[in-house]
1. So which residues in the stretch 61-83 are within 16 Å of ligand 2 (Cβ to nearest atom) and within 24 Å of residue 40 (Cβ to Cβ)?
2. Scan the stretch 39-60 and give yes if some residue there is among the polar types (S, T, N, Q), touching a His at 6+ places or on another chain (Cβ under 7 Å) and crowded, with 19+ Cβ neighbours inside 10 Å, otherwise no.
3. Scan the stretch 115-136 for residues that are outside any loop (DSSP other than H, G, I, E, B), open to solvent by less than 10 Å² (accessible area, probe 1.4 Å) and in contact with a helix residue (DSSP H, G or I) (Cβ under 7 Å, 6 or more places away or on another chain) and jot them down.
4. Inside the stretch 86-114, can you point out the residues that are without any contact (Cβ under 8 Å) to a residue 12 or more places away in the chain and either within 15 Å of ligand 1 (Cβ to nearest atom) or assigned to a helix (DSSP H, G or I) (or both)?
5. Just a yes or no: is a residue in the stretch 42-52 among the aliphatic types (A, V, I, L, M) and closer than 20 Å to residue 218 by Cβ?
6. State all residues of the stretch 173-197 that are charged (D, E, K, R) and open to solvent by 20 Å² or more (accessible area, probe 1.4 Å); if no residue qualifies, say none.
7. When you check residue 144 against the structure, is it surrounded by fewer than 22 Cβ atoms within 10 Å (Cβ to Cβ), under 18 Å from residue 98 (Cα atoms), of a type in the set (A, V, I, L, M) and out of contact with any strand residue (DSSP E or B) (no Cβ under 8 Å at 6 or more places or on another chain), yes or no?
8. Taking the stretch 161-172, which residues are out of contact with any Lys or Arg (no Cβ under 6 Å at 6 or more places or on another chain) and within 19 Å of residue 62 (Cα to Cα)?
Amino acid sequence: MISMTTLEELKSIYELPLTTLIMRAQEVHHRHQDPAGVQLCTLKSIKTGKCSEDCKYCPQSAHNDTGLEPEKLLDTVRVMVDAKKAKESGATRFCMGAAWRRVYTNSQFSNILETVTAVKKLDLEVCCTLGMLDIEQARQLKEAGCDVYNHNLDTSREFYSKIITTRTYDDRLDTLKNVRQAGMEVCSGGILGMGESVEDRLKMLLELANMDPQPDSVPINALVAVKGTPLEGQEFVDSIEFVRTIATARIAMPRAMVRLSAGRSQMSDEMHALCYLAGANSIFLGDKLLTTENPLQSDDFKLLNKLGLHDLHPDAARAIHAKSEAEEEEEACCESKQTVTVAH
Ligand code: SAM
Ligand code: DTB
Ligand code: SF4
């Protein structure tokens, strides 16, 4: 059971002197995470472009003229080539993304279920991001071997309709509820740098932090302003604001994996280091995200080495989270016993 956080609390954390903010984030990080561990995930676009949604940031929306080459749903054999490569390169999670508004129950969904089962056999954690899901589809995905579902809130409820008009915030929340109910882990985060205010970012974190249970992972994307999208002219997010948001997410969601996602190609080594200091502990590995570029894998490993960080196995992360949860429950129990003693 989590205790509810308020917007005021998040604001007061976000606005701390940077030195104190980083220290607070580090305290939480050392207590609830492996402080030197970074989870390495790989992303594969299994169906690219021609998406019916009108997300203003997205190069894959059919509403945006980005010159992207569309690609039909890839079959299992084709996806397995990349999944094996991901495994060999050291990734522990394989995430498959489809440019869909929602999953339709048809032969394409059966194809995906087959792919999920095959990837799972490689002993990789399997994550999918396929748009909206109903409860039955969520159950089928889980049964096929999908561990995690990514579905981002992207921004605050208030700013959402300025970015997407073809679906609502509540549609997003409904899918997340179905994912949780089916027993999959929830991966949900957002994008910074679309023209939203700091308050919008904190409202998004508030929405995530007040979920019970909280999301297991929180991807924080920096907008990649792609030519041909309505957001093509957006300036890259301010780096200190980005770091402050990461630290606030870490403090508000101690056991979540906070993932640096899109936009890392535009971040320096120093910016990466600050993000790790602020509590980020997961990245996508590989020179391509879904359609945009990502740092070279060799550069990521070089930097992790320089910083003395290592790849984090999912089982190790789970063991640390379980220990921190048990310790917290024990502390809460001791506190209530003390209260009873005082009361008598
Ligand atoms: N269609 C599915 C959906 O929207 O949930 C899955 C794929 S979609 C590309 C996954 C996420 O990628 C979006 O929710 C958004 O957060 C992120 N994303 C897409 N385009 C981006 C961009 N140009 N810059 C940063 N993040 C982006
Ligand atoms: C997430 O939050 N970021 C990833 C993953 N979840 C699916 C996707 C980033 C996509 C960036 C734009 C692109 O490469 O097309
Ligand atoms: Fe489609 Fe997802 Fe891109 Fe929106 S973010 S246009 S739903 S692929």
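1. 74, 79, 82, 83
2. no
3. Here is the first cut: in the stretch 115-136, the residues outside any loop (DSSP other than H, G, I, E, B) are 115-120, 125-129, 132, 135-136.
Checking the rest, the ones that are also open to solvent by less than 10 Å² (accessible area, probe 1.4 Å) come to 115-116, 119, 126-128.
Passing the criteria: 115, 116, 119, 126, 128.
4. Step one: of the stretch 86-114, the residues without any contact (Cβ under 8 Å) to a residue 12 or more places away in the chain are 88, 104, 106-107, 110.
Those that are without any contact (Cβ under 8 Å) to a residue 12 or more places away in the chain and either within 15 Å of ligand 1 (Cβ to nearest atom) or assigned to a helix (DSSP H, G or I) (or both): 88, 104, 107, 110.
5. Yes.
6. Going through the stretch 173-197, the residues charged (D, E, K, R) turn out to be 174, 177, 180, 185, 196.
Matches in the stretch 173-197: 174, 177, 180, 185.
7. Working: surrounded by fewer than 22 Cβ atoms within 10 Å (Cβ to Cβ): yes; under 18 Å from residue 98 (Cα atoms): yes; of a type in the set (A, V, I, L, M): yes; out of contact with any strand residue (DSSP E or B) (no Cβ under 8 Å at 6 or more places or on another chain): yes.
Answer is yes for this residue.
8. Within the stretch 161-172, the first condition is being out of contact with any Lys or Arg (no Cβ under 6 Å at 6 or more places or on another chain), and the residues that meet it are 161-162, 164-168, 170-172.
Result: 161, 162, 164, 165, 166, 167, 168.
The values are calculated or read from the model by the stated rules, or taken from the named source; none is laboratory data. Here the structure is a predicted model, which is why all the values come from computation and not from measurement. Virtual Cβ from ideal backbone geometry, glycine too; neighbours counted across all protein chains shown. SASA here: full protein model, heavy atoms, side chains in, ligands and nucleic acids out. Shrake-Rupley method; radii C 1.70, N 1.55, O 1.52, S 1.80 Å.
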